[in-house]
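Enquirer: One structure is given below, represented as structure tokens, and several questions about it will come after.
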Amino acid sequence: MSTPVDFPVCLRLEGRRVLLVGAGTIAEERSRQLVEAGARLRVVAPVVGASIRQLADTGRLELLERAWRSGDTRGQELVFVATDDSRVSEAVAAEARASGVWLNTADVPELCDFTLPSVGRRGPIVVAVSTSGQAPALARLLRQRFLEQVLPGHVRLARLMGWLRRRLPQGPARMRLLKDLVEGEAGELLVRGRSREAWVRVRAALETFGEKK
């Protein structure tokens with residue numbers, strides 16, 4: 001039987017209602033990631049650790065200290081399960097799917113509507129590696145190796161491109177300009193830490209861009 005091919009996306013969860021069932025080590029990591037993404041997170045678990053407790057005490061998530069109940073997925077837009085109880089995982093999955101709510105169950109790929117890559121961040125740059133849920137340890141190893149190649153200069157370059165995108169008018173000319181800056185001498189100089197020289201090239205490119213409008 002062949003392994004399904006995942007379609008990678010980056011979700012915008014700001015203000016979205018998300019349910020997390022469970023409170024172990026994986027659940028603690030998931031809760032932190034979801035809160036950082038701005039989700040309106042509800043955690044359901046009879047016992048929780050210090051990390052989830054602190055997030056609840058500071059009002060960053062809603063905590064229901066009890067076992068999962070039928071109906072808990074109602075009104076949620078995304079559901080995560082991180083529990084060792086297979087009966088709970090299967091029950092939550094069945095209810096979520098009946099309601100059309102997408103679900104991820106930690107370490108049980110066959111119950112997942114989507115899988116989670118191993119993620120590392122450097123400012124606005126996100127490195128994500130997925131093995132379609134087959135080898136999480138390998139995904140973590142590769143993610144770390146790829147992340148080591150992201151230098152401070154790459155972060156500066158990404159932020160500069162974001163700044164320019166917000167200020168220049170949309171269209172093919174902007175796309176060509178940003179591509180040339182990233183792939184050309186300006187981008188290389190910025191990555192190498194030679195910011196002053198890089199800005200000379202950027203200003204020259206912007207002047208040319210203004211003349212072509």
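The values are calculated or read from the model by the stated rules, or taken from the named source; none is laboratory data. Since we're looking at a predicted model, the values are computed, not measured. In this analysis, Cβ positions are derived from the backbone assuming ideal geometry, glycine residues included, and neighbour counts consider all displayed protein chains. For the accessible areas, the whole protein counts, side chains as well, though only heavy atoms, and no ligand, DNA or RNA atoms are used. Shrake-Rupley method; radii C 1.70, N 1.55, O 1.52, S 1.80 Å.
Enquirer: When you look at R66, is it open to solvent by 40 Å² or more (accessible area, probe 1.4 Å), basic (K, R), under 15 Å from L19 (Cα atoms) and free of Cβ contacts under 8 Å to residues at least 40 places away in the same chain, yes or no?
Expert: yes
Enquirer: Given the criterion touching a residue at least 24 places away in the same chain (Cβ under 8 Å) and surrounded by 14 or more Cβ atoms within 10 Å (Cβ to Cβ), identify the matching residue among A93, A39.
Expert: A39
Enquirer: Kindly indicate whether V88 is open to solvent by less than 30 Å² (accessible area, probe 1.4 Å), over 19 Å from L11 (Cα atoms) and not polar (S, T, N, Q).
Expert: Against the criterion (open to solvent by less than 30 Å² (accessible area, probe 1.4 Å), over 19 Å from L11 (Cα atoms) and not polar (S, T, N, Q)), V88 does not qualify.
Enquirer: Return yes or no: is G123 touching a helix residue (DSSP H, G or I) at 6+ places or on another chain (Cβ under 6 Å) and touching a residue at least 24 places away in the same chain (Cβ under 8 Å)?
Expert: yes
Enquirer: Looking at E148, E110, which one is at pLDDT 90 or above, surrounded by fewer than 16 Cβ atoms within 10 Å (Cβ to Cβ) and more than 16 Å from the chain's Cα centre (by Cα)? Break it down into steps so the answer makes sense when it comes.
Expert: Numbers: E110 fails: at pLDDT 90 or above.
Selected residue: E148, the only one of E148, E110 that is at pLDDT 90 or above, surrounded by fewer than 16 Cβ atoms within 10 Å (Cβ to Cβ) and more than 16 Å from the chain's Cα centre (by Cα).
Enquirer: Now for a separate question. Mind counting the residues in the stretch 46-69 that are β-branched (V, I, T), assigned to a loop (DSSP other than H, G, I, E, B) and either touching a Ser or Thr at 6+ places or on another chain (Cβ under 9 Å) or under 21 Å from S89 (Cα atoms) (or both)? Give the derivation first.
Expert: Keep residues of the stretch 46-69 that are β-branched (V, I, T), which gives 47-48, 52, 58.
Imposing the further condition that a residue be assigned to a loop (DSSP other than H, G, I, E, B) reduces the set to 47-48, 58.
Within this subset, residues satisfying the condition of being either touching a Ser or Thr at 6+ places or on another chain (Cβ under 9 Å) or under 21 Å from S89 (Cα atoms) (or both) are 47-48.
Selection size over the stretch 46-69: 2.
Enquirer: Hey, could you check the stretch 44-54 for residues that are open to solvent by less than 40 Å² (accessible area, probe 1.4 Å) and touching a helix residue (DSSP H, G or I) at 6+ places or on another chain (Cβ under 6 Å) and say which is modelled with the lowest pLDDT?
Expert: G49
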